[in-house]
There are 6 protein chains.
Amino acid sequence: MKVTVSRKAHFNAAHRLFNPAWSADKNEEVFGKCNNPEFHGHNYELIVSVKGEIDSRTGYVMDMKVLKDLIKDTIEDRFDHKNLNTQTEEFKSLNPTAENIAVVIFDLLRPHLNETLDLKITLYETPRNYVEYEG
Amino acid sequence: MKVTVSRKAHFNAAHRLFNPAWSADKNEEVFGKCNNPEFHGHNYELIVSVKGEIDSRTGYVMDMKVLKDLIKDTIEDRFDHKNLNTQTEEFKSLNPTAENIAVVIFDLLRPHLNETLDLKITLYETPRNYVEYEG
Amino acid sequence: MKVTVSRKAHFNAAHRLFNPAWSADKNEEVFGKCNNPEFHGHNYELIVSVKGEIDSRTGYVMDMKVLKDLIKDTIEDRFDHKNLNTQTEEFKSLNPTAENIAVVIFDLLRPHLNETLDLKITLYETPRNYVEYEG
Amino acid sequence: MKVTVSRKAHFNAAHRLFNPAWSADKNEEVFGKCNNPEFHGHNYELIVSVKGEIDSRTGYVMDMKVLKDLIKDTIEDRFDHKNLNTQTEEFKSLNPTAENIAVVIFDLLRPHLNETLDLKITLYETPRNYVEYEG
Amino acid sequence: MKVTVSRKAHFNAAHRLFNPAWSADKNEEVFGKCNNPEFHGHNYELIVSVKGEIDSRTGYVMDMKVLKDLIKDTIEDRFDHKNLNTQTEEFKSLNPTAENIAVVIFDLLRPHLNETLDLKITLYETPRNYVEYEG
Amino acid sequence: MKVTVSRKAHFNAAHRLFNPAWSADKNEEVFGKCNNPEFHGHNYELIVSVKGEIDSRTGYVMDMKVLKDLIKDTIEDRFDHKNLNTQTEEFKSLNPTAENIAVVIFDLLRPHLNETLDLKITLYETPRNYVEYEG
C-alpha cells in the first residue's frame, strides 16, 4: 500500500546557460538570451515527492516536517539567492539547465532517504516550463 | 488508447493526529502541533483521476458529471465541515493523516467504478503538501 | 510616490460559527454546517499589504523580511494549528467568521507599524471565499 | 538518465458535444448543456511533456524554445479562436471531448518529435477538469 | 468598520466580437480573430465582491451561501454553456467584450443587494486578461 | 462608466540590492542575501491595469492586443533575461527593489497611454511578495 507524499519549496537564483567547449557565437546560437554573460534569474519552484509504505504507527510515509527541513538544509540553503554558475560547486562545470538542476537535486537528496523510498523531483523554472526526474 | 480524466473537488474538515497507543508525550514528540487535542483544520483539495478506454460513441472515458456527482455523494457529503476524528466512522480508529485519508477515499470510490477503470487519488492537505495513491 | 508592498502567509485552524445569544436551532438555521459543534477547519491564506513612501536609501517601503517576521510572531504563532474558538483570547467571545478574523488581524498588526503606513488585510478562508479590511 | 520536460500553452475555442448517429433527445440526455447547438467554449490549458536523455553538450532534453514554437505552429495556430466542430478538419466527424482533443494533439505532435522521445499530453478543459494521454 | 467579502464563480460560454454597424473588413481589422463568425469561447472566472458593515449578530457582511446562490441563479444559470451573442437577451445588441459582460453582470446583481452594500465585479476572460467594474 | 482592464506579462531577470553610498557591511546588514554581489534572480510577474471609459463602438476600454504589444515592446524586451544592475539604463544608479522596478515600469508605460486613462502596476517578485503602484 504505497503512497506518494510531496512537499513544495522554492529558491531564487541567477544563472546563465553556456558550454565552455563552444565559441561565443555557437553558445549564442544554441542558448539565445539564456546565454547572457551577465546572468538572468528565476524563482525556482521545487516539488520533492517520496513514495513508500505508510507506517501504521504514525500514518505517515515520511514526516513532512522532516522532509521540509531536509529540503531546506540540503537544497534551499545551498542554492537560494546564489549565482548557480559562480557560487555553487555543483554547477562550476555543469550547465545549470532545469534538467541538470533537477538531477543534481535528486543526487543531493537521495542519500538522505531510506532505500525503501522512491524519490521524484519536479522543478519549475518558470510557471510555464518545468522538468521531472525520477533517477 | 487509454486516457486519464481528472476532476477536482474540495472539502473543509477539522482533525488532529495522534496514536491512542502512545503517551501524550510521545504523541507530542511525533506529531507536534498537529497533535493539538482541540483540533485544527484544512481545506482539502481532492483530485480524482480515472483511466480507461475512450467510448467511441460518447468520446468520454467517463462522464465528468457522473464523476462529479459520485465525488459529492461519496466523499464531500461524508467529510465536508466535519471533525474527521469524532464525526466519521472511517477515522474513529485510524489516524487522519493525508496518507490515510487518500487511502480511505480510494477505498470508498473504488466499488463505484467499473473494474476496467484505473483509479488514482491526489489530496492536497495544504497548498504545499499533497499525497497520491493508486491502490 | 506611495507604493503598496504585500506579503503572503498562511495558517491552519479549526473553528465553528455560532452566536451564544441564540438557540441551537437559530444557530443551525443561520450558520448551517459551519455551526458544527465538533468544529471544521481551513487553510487560511493571509495577505498583509502596507502602503507608504519609498525610502530612497533602501528602495523599500518596508523590509519584507521584517514584515514576514512580524506576521509570523504576531499572527501565525498565535493562530496556526489552533482551535480559534477554544484556544485564542481573541475569539473567546467573538464569532470567528472570516470578516471578524480579518479585523482582529488588522488590530493585532496595526500597533507594530509606523503611523505613516496604511495597512490592508486580505484573508482567504477557502480558494473561493475571501475578505478584505482596511481599517 | 531520462528527464521529462514540460511546456504550458493555451488556446481558446468553441465547441459542442454530440453524436450525429443519435437523435436530438439522446444527445441532450447524454451530453446535457454541453450539447447546446449554438456552442459554448473554453480556455484550454495545454501541457506538452517530452521525456528523453539529457544531451550532455546542451544540458537539454529538448530546447524549450523549439518545443514552444512547435506547439504554436502545430496546435495553437490550428485551434486558437476557432470553432472546433465547424472550422477544423480534425473534429469534422469526431466529437471534440477533452479526451478526443488530447488524442488529436498527441497525434499531431508525435511525428515532429524524435522517436527516442516519449510524449505526454495534459489538457485542462476547465480549472477543475483535465485529461492526460501518453499514446 | 466596513469589510469586503468576495466569492468566486465561473461559467463557460461562446462569443464573437463584432459591431453590426461596421463592414466585415472593419470588424476584422478591429477585432481580429475574436471576430471569427463561427465563434470561440472562454472559461469565465467571476469574482463578486460586496462591501459593507459587519452584522454584529452574525459576524457576516453577507452570508456567503446567499451570495453563492444569488450568483448561480442570476449569472451562471443565464450564461453558462451559452452562446452569448445568439442565446442571451443582454448581448443581442451589445458587443460581448469582457468590459461589457462585467457591466451587465453588475447591473443584473445590483438590484438584489441591499443599498447599503457596495458591489464590485472582477471577470477573468483568460488567466492573463481580466476586467474590474464598480458601477 | 469606467472599467479597469488588466493584462498579465512576465520577464526573468538577475539583480542584487545595494546602496553604493554604504559600506559592504552596512549593505549586508540591510539587504542580507539579496545583497549577494554575484546576483540572484526572479521570474517577475507583471500586471498592467488601465482604467477608462468603455468605447461604445468597440466595447473596449483599450484593445488588449495593443496593451500586450506595448508591454512587450516597452518592458519585456528591455528587462527580460537581463541583469538589471549592469545591463539596464534605468537601474544603473537606482536600487532594483520591487518597489523601484514598479515605479520605473509605470514611468515607462505612462507616456504611451492616453491621458484620460488611469494606470496601475502590480509586480510579483516571488509568488509571496508583490508591490502595487498607481502613480
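The values are calculated or read from the model by the stated rules, or taken from the named source; none is laboratory data. It should be emphasised that the depicted structure is a prediction, and the values quoted were computed from it without experimental measurement. Glycine also receives a Cβ, built like all others from the backbone with ideal geometry; neighbour counts cover every protein chain displayed. Just so you know, the surface numbers come from the protein's heavy atoms only, side chains and all, with ligands and any DNA or RNA stripped out. Shrake-Rupley method; radii C 1.70, N 1.55, O 1.52, S 1.80 Å.
Summary of computed values
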{"item": "Complete set of residues in the stretch F:99-120 that are farther than 16 Å from F:Met62 by Cα and touching a residue at least 40 places away in the same chain (Cβ under 8 Å)", "result": "F:Ile101, F:Ile105"}
{"item": "Of all residues making up the stretch E:17-38, the number that are within 26 Å of E:Asp77 (Cα to Cα), open to solvent by less than 40 Å² (accessible area, probe 1.4 Å) and part of a loop (DSSP other than H, G, I, E, B)", "result": "2"}
{"item": "Neighbours by Cβ (under 6 Å, 6+ apart or cross-chain): first from the stretch C:75-94, at the interface with chain B (Cβ under 10 Å from one of its Cβ atoms) and under 17 Å from B:Glu28 (Cβ atoms); second among the small types (Gly, Ala, Ser) and not in a helix (DSSP H, G or I)", "result": "C:Lys82/C:Ala13; C:Asn83/C:Ala14"}
{"item": "Options D:Asn85, D:Asn100: the member that is in a helix (DSSP H, G or I) and in contact with a Gly (Cβ under 6 Å, 6 or more places away or on another chain)", "result": "D:Asn100"}
{"item": "Lone unmet requirement of (1) over 20 Å from F:Leu119 (Cα atoms); (2) in contact with a helix residue (DSSP H, G or I) (Cβ under 8 Å, 6 or more places away or on another chain) for E:Tyr130", "result": "(1)"}
{"item": "Residue check, B:Tyr124 aromatic (Phe, Trp, Tyr), modelled with pLDDT of 95 or more and touching a Lys or Arg at 6+ places or on another chain (Cβ under 9 Å)", "result": "no"}
{"item": "Qualifying positions in the stretch C:103-131 - at the interface with another protein chain (Cβ under 7 Å from one of its Cβ atoms) and assigned to a helix (DSSP H, G or I)", "result": "C:Val103"}
{"item": "Count of residues meeting criterion [in contact with a strand residue (DSSP E or B) (Cβ under 9 Å, 6 or more places away or on another chain), away from chain B (no Cβ under 14 Å) and of a type in the set (Lys, Arg)] in the stretch C:1-34", "result": "2"}
{"item": "Answer residue from the stretch E:71-109, given it is among the polar types (S, T, N, Q) and touching a Ser or Thr at 6+ places or on another chain (Cβ under 8 Å) and is least open to solvent (accessible area, probe 1.4 Å) among those", "result": "E:Thr97"}
{"item": "The stretch F:16-62, residues that are of a type in the set (A, V, I, L, M, F, W, C) and in contact with a helix residue (DSSP H, G or I) (Cβ under 8 Å, 6 or more places away or on another chain)", "result": "F:Leu17, F:Phe18, F:Trp22, F:Phe39, F:Leu46, F:Val48, F:Val50, F:Ile54, F:Val61"}
{"item": "Cβ-Cβ under 8 Å pairs, at least 6 apart or on other chains, the stretch A:44-70 side closer than 13 Å to B:Val30 by Cα and open to solvent by less than 10 Å² (accessible area, probe 1.4 Å), far side modelled with pLDDT of 95 or more and among the acidic types (Asp, Glu)", "result": "A:Gly59/B:Glu99"}
{"item": "Any chance F:Phe106 is over 30 Å from E:Phe106 (Cα atoms), in contact with a Phe, Trp or Tyr (Cβ under 8 Å, 6 or more places away or on another chain) and among the aromatic types (Phe, Trp, Tyr)", "result": "no"}
{"item": "Residue in the stretch C:110-132 that is open to solvent by 30 Å² or more (accessible area, probe 1.4 Å), under 29 Å from F:Phe18 (Cβ atoms) and under 14 Å from the mean Cα position of the chain (by Cα) present", "result": "no"}
{"item": "Boolean, A:Gly41 is facing another protein chain (nearest Cβ under 9 Å), among the small types (Gly, Ala, Ser), open to solvent by 10 Å² or more (accessible area, probe 1.4 Å) and outside any loop (DSSP other than H, G, I, E, B)", "result": "no"}
